[in-house]
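Please read the structure below before turning to the comments.
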Amino acid sequence: MNPLRLRSIDHTGMVVASLDESITLYRDVLGLPLVHREMLTEQGVEAALLNIGDSHIELITPVRADSGVARFLAERGPGLHHIAYRVNDIDAALASLSAAGMRLIDEQPRTGIRGSRVAFLHPKAVGGVLTELVEPATHR
């Protein structure tokens with residue numbers, strides 16, 4: 001049995017220049033309910049989650065010029081940043097991926113939005129897509 005066990009898509013991360021303007025678009029025009037907004041100081045971003053089905057759209061904007069998201073925005077402009085998959089046990093998932101020789105950005109989980117535990121896989125290891133694993137703080 002593979003300990004990775006991707007459960008579902010947790011969210012799709014979108015880098016935006018203005019969180020307030022983007023929330024207005026996604027909530028008021030596209031009709032997605034805003035369910036959470038949080039400053040992630042360690043990562044240098046502010047993020048908002050909007051529900052879509054059993055998943056989320058995560059809008060992310062930099063609050064520090066030295067953050068990875070700020071560099072992304074400066075180099076590429078706003079747009080799709082990453083895809084995130086839910087896992088039951090992020091430690092087991094990372095151990096499995098490491099044993100398989102997968103290139104990891106995070107060898108240990110860090111704290112994500114709403115107290116989740118998250119880790120990123122290097123885009124070069126996943127077909128050019130920045131990929132995040134998410135172990136929710138409370139399993140859904």
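The values are calculated or read from the model by the stated rules, or taken from the named source; none is laboratory data. Just so you know, these numbers come straight off a predicted model, no measurement behind them. We place every Cβ from the backbone using ideal geometry, glycine too, and count neighbours over all the protein chains shown.
Quick look at the values:
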| quantity | calculated |
| --- | --- |
| Leading residue by the ranking (surrounded by the fewest Cβ atoms within 10 Å (Cβ to Cβ)) among those in segment 101-140 that are under 18 Å from Leu50 (Cα atoms) and small (Gly, Ala, Ser) | Gly115 |
| Residue in segment 1-17 that is modelled with the highest pLDDT, counting only those that are outside any strand (DSSP E or B) and more than 21 Å from Gly77 (Cα to Cα) | Arg5 |
| Long-range neighbours under 8 Å by Cβ, at least six apart or interchain, first residue closer than 13 Å to Gly44 by Cβ within segment 65-78, second surrounded by fewer than 16 Cβ atoms within 10 Å (Cβ to Cβ) | Ala70/Arg64; Leu73/Ala17 |
| Per-region count, segment 1-42, residues surrounded by 14 or more Cβ atoms within 10 Å (Cβ to Cβ), of a type in the set (Val, Ile, Thr) and over 16 Å from Arg86 (Cβ atoms) | 3 |
| Those residues of segment 58-79 which are of a type in the set (A, V, I, L, M), crowded, with 18+ Cβ neighbours inside 10 Å and either out of contact with any strand residue (DSSP E or B) (no Cβ under 9 Å at 6 or more places or on another chain) or more than 18 Å from Gly115 (Cβ to Cβ) (or both), in sequence order | Leu59, Val69, Leu73 |
| Criterion violated by Thr41 - all others in (1) touching a His at 6+ places or on another chain (Cβ under 9 Å); (2) modelled with pLDDT under 95; (3) β-branched (Val, Ile, Thr) satisfied | (1) |
